[in-house]
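Have a look at the structure below before the remarks.
The values are calculated or read from the model by the stated rules, or taken from the named source; none is laboratory data. What you see is a predicted model, and the numbers here were worked out from it, not measured in a lab. In this analysis, Cβ positions are derived from the backbone assuming ideal geometry, glycine residues included, and neighbour counts consider all displayed protein chains.
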Amino acid sequence: MPMLLDSEIDLELIQSPLNYTGGKFKLLPQILPLFPANIDIFVDLFCGGANVGVNVKSNKTILNDTNDNLTLLFSMFKNLGDDFLPLVDEIIEKYQLSQSSKYGYDYYNCDSNTGLAPYNKDKFLKLRDDFNNSKDIGYYHYAMLYTLILYSFNNQIRFNSNGHFNLPVGKRDYNEKMKQKLQKFIDRLKGKDYKFSNLDFRDFDISTLNSNSFVYADPPYLITCATYNEQGGWNEADEHDLLDFLNDLHKNNIKFALSNVLRSKGKENSILIDWTQRNSDKYKVINLNYSYNNSNYQTKNKNEITEEVLIINY
Ligand SMILES: C[S@@+](CC[C@H](N)C(=O)[O-])C[C@H]1O[C@@H](n2cnc3c(N)ncnc32)[C@H](O)[C@@H]1O
């Protein structure tokens with residue numbers, strides 16, 4: 001039977017097993033139809049939780065992010081495949097973290113309202129200490145990291161300026177839904193040609209790309225910038241450098257799409273607005289119907305609205 005190229009198969013949309021701040025899963029139905037067809041190399045330049053990277057059809061995908069904890073965790077998922085989940089189970093057993101899907105909440109003297117934090121807190125902190133002090137950064141280290149994420153506040157990932165994981169314990173634990181999410185994500189990573197890199201976008205070598213490549217950029221947003229880690233945010237110099245980088249892609253005949261917000265809650269990104277206006281003959285701004293507040297867009301006061309856009313050069 002001839003092998004089907006990824007571009008010929010319908011991909012089921014899957015969600016990242018990391019609850020990533022600024023994650024684009026909810027926007028995929030709006031963004032993906034705007035992407036070019038027949039992508040050879042797809043670059044998710046600021047991949048974060050990789051919600052976009054794993055859902056784009058391409059022959060090859062590069063997941064890039066400066067946060068090497070993310071990209072290394074993803075490469076462990078891919079390399080270990082089905083052997084990753086048993087490691088997580090082993091760590092849950094070792095630290096005696098709750099397994100409410102097996103034993104229920106009563107077993108831990110907790111109820112689903114207040115959650116499992118009172119039971120898990122000390123065990124979680126011990127795991128967090130062991131992870132932060134661990135010198136060995138092999139598979140087990142990343143299985144510890146993923147277990148921390150599973151039991152942390154809102155299943156998020158955050159490091160302080162010393163590179164230490166610093167989220168507190170969360171209310172929930174590892175349930176069937178999370179397990180399925182992780183399994184699907186691992187299967188997706190195993191199933192095709194993914195490469196991982198952790199370069200600052202300025203160091204990404206575009207000479208390896210061509211006119212069938214497509215670069216998606218979802219940087220931290222200048223005017224809404226959430227804290228991904230406490231090691232540095234995103235400033236005006238980064239914004240200018242990124243726009244220069246995108247201009248270079250365009251000059252080299254490489255397609256790109258940039259996610260961003262032009263205006264949000266009374267603030268506006270004048271650097272980006274000026275750039276789109278100066279380049280209106282080359283770049284198109286597409287308004288996406290999305291408000292981070294999730295409530296009715298029409299009835300919102302202007303100061304509460306976030307104008308999410310996709311800016312493309314094709
Ligand atoms: C908005 S998030 C991406 C979310 C992602 N699209 C998703 O759906 O999960 C932005 C990411 O940019 C990364 N980042 C910040 N500065 C960067 C830089 N200079 N070069 C590359 N990545 C950077 C952050 O670590 C963060 O993961």
Return yes when residue 18 is assigned to a loop (DSSP other than H, G, I, E, B), among the aliphatic types (A, V, I, L, M) and within 16 Å of the ligand (Cβ to nearest atom) and no when it is not. yes
If I filter segment 136-164 down to residues being without any contact (Cβ under 8 Å) to a residue 60 or more places away in the chain, of a type outside the set (Val, Ile, Thr) and within 18 Å of residue 87 (Cβ to Cβ), which single residue comes out as surrounded by the fewest Cβ atoms within 10 Å (Cβ to Cβ)? 136
Which of the residues belonging to segment 224-247 are at pLDDT 90 or above and either among the β-branched types (Val, Ile, Thr) or under 19 Å from residue 39 (Cα atoms) (or both)? 246
Could you check residue 25 against (1) of a type in the set (Phe, Trp, Tyr); (2) within 10 Å of the ligand (Cβ to nearest atom); (3) buried (at least 17 other Cβ atoms within 10 Å of the Cβ) and say which number it fails? (3)
Please state which of the following conditions residue 125 fails to meet, knowing it meets all the rest: (1) touching a helix residue (DSSP H, G or I) at 6+ places or on another chain (Cβ under 7 Å); (2) surrounded by fewer than 17 Cβ atoms within 10 Å (Cβ to Cβ); (3) hydrophobic (A, V, I, L, M, F, W, C). (1)
Can you list residue pairs whose Cβ atoms sit under 9 Å apart, with the first residue in segment 179-204 being within 20 Å of residue 246 (Cβ to Cβ) and the second being more than 15 Å from the ligand (Cβ to nearest atom) and of a type in the set (D, E, K, R)? Count only pairs 6 or more apart in sequence or on different chains. none
Taking segment 243-260 and keeping residues away from the ligand (no atom under 15 Å from the Cβ) and in contact with a Leu (Cβ under 7 Å, 6 or more places away or on another chain) leaves 254
What is the residue count in segment 38-71 for residues that are of a type in the set (A, V, I, L, M) and at pLDDT below 95? 1
For the structure I just gave you, tell me whether residue 43 is closer than 26 Å to residue 158 by Cα, more than 13 Å from the chain's Cα centre (by Cα) and within 13 Å of the ligand (Cβ to nearest atom). yes
Would you mind stating whether residue 203 is surrounded by fewer than 17 Cβ atoms within 10 Å (Cβ to Cβ), modelled with pLDDT of 95 or more and in the same structural domain as residue 306 (by TED's automatic domain parsing)? yes
Looking at the structure I just gave you, is residue 51 polar (S, T, N, Q), without any contact (Cβ under 8 Å) to a residue 40 or more places away in the chain, within 16 Å of the ligand (Cβ to nearest atom) and within 30 Å of residue 245 (Cβ to Cβ)? yes
Among residues of segment 57-87 being aliphatic (A, V, I, L, M) and surrounded by fewer than 20 Cβ atoms within 10 Å (Cβ to Cβ), the residue farthest from the chain's Cα centre (by Cα) is 87
